[in-house]
Structures are given as structure tokens and as C-alpha cells.
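The next block holds one structure in the form of C-alpha cells; read it before the comments.
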Ligand SMILES: [Zn+2]
């Protein structure tokens with residue numbers, strides 16, 4: 001009998017892992033791509049459609065939801081699952097990334113963050129404790145610690161201080177978190193500096209062990225934050241695998257905010273289990289499809305008379321029912337259905353890419369899967 005938030009390693013192939021993570025709203029099979037529903041909606045996609053396209057877990061954003069409609073209203077509805085009528089697992093980020101990316105209104109001190117709302121300019125104060133209170137009211141299955149995400153490039157000493165501050169806040173988040181039906185993930189920071197990344201991992205492990213020794217809960221998993229902040233892809237891959245594999249074997253590893261298909265396939269090969277990104281839906285709203293042939297700009301005139309499916313290799317509801325010519329027409333006319341159909345396809349593409357990655361791990365052939373991908377036309381846009 002599996003207990004809540006147990007992670008089982010189902011198989012390993014090289015460094016790639018296939019796992020099962022138990023939540024109160026279902027088991028998450030990893031590796032997994034999580035669609036992003038910033039404001040409690042994956043833009044343009046009904047929750048029933050998310051189930052239909054195989055989404056296992058979705059992400060919502062604490063920054064936006066705490067400002068609009070506010071965590072008290074979501075709690076009044078019975079939590080995020082009831083508010084948006086989504087029965088599966090939900091993850092909320094802490095919102096720290098959004099606060100730091102709006103740095104011109106931010107005051108950071110050792111105790112917390114003071115910033116202005118993007119909606120009405122109101123002064124907001126967050127500490128690790130108040131952030132936990134907000135995320136407990138939102139009621140997601142997986143919640144993230146408040147942390148300090150550093151930009152790239154950044155001075156070594158600045159990144160070092162952010163690692164220590166984030167670890168301090170991780171300890172405070174763990175102490176302030178009490179919901180039994182939720183689990184808290186710690187977040188590894190450290191920029192592109194391997195020694196600071198490993199220091200961050202070690203501090204989080206100490207905090208985890210101290211908490212358990214004191215009879216309290218530990219972390220249910222670990223986020224790897226602070227990558228994909230403007231550095232070249234190869235800079236991340238210099239350290240990502242070493243960081244992922246420094247984390248405990250028996251917890252899921254979540255690379256935050258990364259959604260390029262090739263990056264996902266490579267990161268699974270380095271031992272990462274979970275991903276989220278707005279890329280598939282944002283790209284869709286700009287009229288672009290991911291496909292087995294690489295990215296397709298659906299505004300292109302070459303699709304005008306093309307009455308074949310968007311992607312011949314895809315079984316998604318969009319590709320089963322609509323032609324390239326129709327989608328091009330919708331995109332050109334700014335019809336909302338164009339963005340919706342492309343969002344469905346792009347989400348399916350990443351969700352099923354991770355399903356295929358899982359199958360390859362279970363079959364013991366991840367190296368071949370990775371090599372096949374890197375040699376495929378789809379990898380050429382990387
Ligand atoms: Zn499709």
C-alpha cells in the first residue's frame with residue numbers, strides 16, 4: 001500500500017528515471033509535463049479537455065491568484081480543485097519568480113518581500129509564513145517554498161547569499177506548513193555555479209533531516225529553479241545532471257519553467273522527472289505548432305491549400321479533426337478557435353513526448369530514444 005506522497009522508482013535507464021508519485025488526487029507517472037494554468041485556467045482549455053489530452057497534473061500561479069481573485073475566495077469555493085472543477089493533482093508555485101521578475105517594485109530583506117501588485121499598485125508583504133498560508137488556502141496537492149531566484153548573469157557572492165536566504169526560507173516554509181493532504185517541495189538555487197548548486201542541495205537535505213528528526217514532515221520533492229533565465233542551453237546542461245543526481249533518489253525532481261521539447265528529452269536523460277512551462281500555450285497563441293517535423297508557423301502561405309492534418313504523427317483531437325488549411329485560416333483571422341486548437345495540439349505533443357520517454361525508460365532504452373530524438377527533424381529547431 002502506497003502512502004500519500006511516496007515516490008516509487010519504477011525503472012531506470014542510464015540516468016533517466018520512470019517513477020510514480022502518489023497524491024490525494026491521483027498518481028503522477030513520471031517523467032511528466034505539467035500544463036500551466038496561471039490564473040486557474042490553462043488558457044482556452046476546458047478542464048475536461050485537459051483530461052482528454054492526458055494531462056496528469058497542472059500548475060497554477062500563487063502570485064496571480066493571491067491578487068485576483070484572492071486566496072480567500074478560492075478557499076470559500078472549497079479550494080482550487082473545486083473552484084476550477086479539475087479533479088486531478090494541482091501544483092502551485094510560490095509566486096516568488098513573478099515577484100523577482102518585476103524587480104523594479106521589489107524590496108527584499110532577510111525576512112521577506114515587499115512589492116506592488118501589477119493589478120492595482122497595492123503594497124504587498126510576503127514572508128515564508130504568509131506565503132505558506134496563501135498556498136494552503138489555495139489547496140494544491142504540491143506547493144513550492146518561497147525562494148530567491150537569481151538572474152543570469154549574476155555575481156558569485158550575490159548568488160551565494162541567495163542560496164543561503166532560500167535555504168533559510170525553506171526551513172521557515174517547512175515549519176509553517178501543516179496541511180496533511182499537501183506536500184511541500186524545497187527549491188535548489190545557485191545560478192550556474194556548480195559548488196553553490198551543491199551547497200543548496202546539502203542545505204536542503206540538512207533542513208529536511210532536521211525537520212524529520214523533530215517529528216515534523218520533510219520535503220516531498222525538490223524543485224530545481226533558476227535555470228532558463230537567459231543563459232544558453234548548454235550552460236544549463238554543464239551543471240543540471242550533477243545537480244539532479246545530487247538530490248535524493250527517493251523524491252521527484254522538478255526542473256522549473258522549462259518547456260522546449262529537446263530540453264525536456266535531454267533533461268530526462270540527466271535524471272529530471274517533472275517539467276512545466278507556458279511555452280506550448282503561448283507559442284500556440286502566436287500561431288505556431290510543435291510537430292514531429294519541427295516548429296510550424298501556421299501563418300505561412302504554404303499551408304493555404306494543405307488539407308492534411310497538422311502533424312501526421314499526432315493523434316490529438318486537433319490533428320484527428322482539422323486540416324492545416326483550416327487552422328491557418330483561423331490563425332490568420334485571429335479566430336479564438338485557432339489558438340485553442342493549437343494549444344490542445346502543443347500540450348498533447350509535450351505530454352505524450354514525456355509518456356514516450358517513460359515507455360523508453362521502462363523498456364530500458366533511453367539512450368536510443370534520446371539519440372533518435374536528437375536525429376529527428378523535430379530536434380532541429382532547438
Ligand atoms: Zn496534434
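The values are calculated or read from the model by the stated rules, or taken from the named source; none is laboratory data. Everything quoted here is computed from the prediction, not taken from an experiment. All Cβ positions, glycine included, derive from the backbone under ideal geometry; neighbour counts span all protein chains shown.
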Only one residue in 343, 291 is under 25 Å from the mean Cα position of the chain (by Cα) and not in a helix (DSSP H, G or I). Which one? 291
Could you pull out the residue among 248, 280 that is modelled with pLDDT of 95 or more and either within 16 Å of the ligand (Cβ to nearest atom) or crowded, with 18+ Cβ neighbours inside 10 Å (or both)? 280
Filtering region 295-313 for residues that are surrounded by fewer than 19 Cβ atoms within 10 Å (Cβ to Cβ) and either away from the ligand (no atom under 15 Å from the Cβ) or without any contact (Cβ under 8 Å) to a residue 40 or more places away in the chain (or both) leaves a count of 12
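Every residue, every condition in (1) surrounded by fewer than 16 Cβ atoms within 10 Å (Cβ to Cβ); (2) assigned to a helix (DSSP H, G or I); (3) at pLDDT below 95; (4) over 20 Å from the mean Cα position of the chain (by Cα), yes or no:
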{"position": "166", "(1), (2), (3), (4)": "no, yes, no, no"}
{"position": "174", "(1), (2), (3), (4)": "no, yes, no, yes"}
{"position": "178", "(1), (2), (3), (4)": "yes, no, no, yes"}
{"position": "187", "(1), (2), (3), (4)": "no, no, no, no"}
{"position": "203", "(1), (2), (3), (4)": "no, yes, no, yes"}
{"position": "208", "(1), (2), (3), (4)": "no, yes, no, yes"}
{"position": "219", "(1), (2), (3), (4)": "no, no, no, no"}
{"position": "227", "(1), (2), (3), (4)": "no, no, no, no"}
For region 316-334 the number of residues that are within 14 Å of the ligand (Cβ to nearest atom) and out of contact with any helix residue (DSSP H, G or I) (no Cβ under 8 Å at 6 or more places or on another chain) is 4
Go through (1) surrounded by 17 or more Cβ atoms within 10 Å (Cβ to Cβ); (2) in a helix (DSSP H, G or I); (3) out of contact with any helix residue (DSSP H, G or I) (no Cβ under 9 Å at 6 or more places or on another chain) one by one and return the number of the condition residue 162 breaks. (3)
Checking the condition touching a residue at least 40 places away in the same chain (Cβ under 8 Å), touching a strand residue (DSSP E or B) at 6+ places or on another chain (Cβ under 7 Å), farther than 25 Å from residue 6 by Cα and buried (at least 17 other Cβ atoms within 10 Å of the Cβ), which residue from 60, 40 passes? 40
Could you please tell me which pairs satisfy a Cβ distance under 7 Å, a separation of 6+ or placement on different chains, a first residue in region 209-222 that is in the same structural domain as residue 175 (by TED's automatic domain parsing), and a second residue that is modelled with pLDDT under 95? 211/217
Run residue 287 past the list (1) crowded, with 20+ Cβ neighbours inside 10 Å; (2) on the phi < 0 side of the Ramachandran plot; (3) away from the ligand (no atom under 12 Å from the Cβ) and report the number of the one that doesn't hold. (2)
Looking at 372, 367, can you tell me which residue is more than 11 Å from the ligand (Cβ to nearest atom), part of a helix (DSSP H, G or I) and without any contact (Cβ under 8 Å) to a residue 12 or more places away in the chain? 372
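Conditions (1) under 18 Å from residue 254 (Cα atoms); (2) buried (at least 19 other Cβ atoms within 10 Å of the Cβ), marked per residue:
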| site | (1), (2) |
| --- | --- |
| 3 | no, no |
| 14 | no, no |
| 18 | yes, yes |
| 31 | yes, yes |
| 44 | no, no |
| 53 | no, yes |
| 56 | yes, yes |
| 75 | no, no |
| 92 | yes, yes |
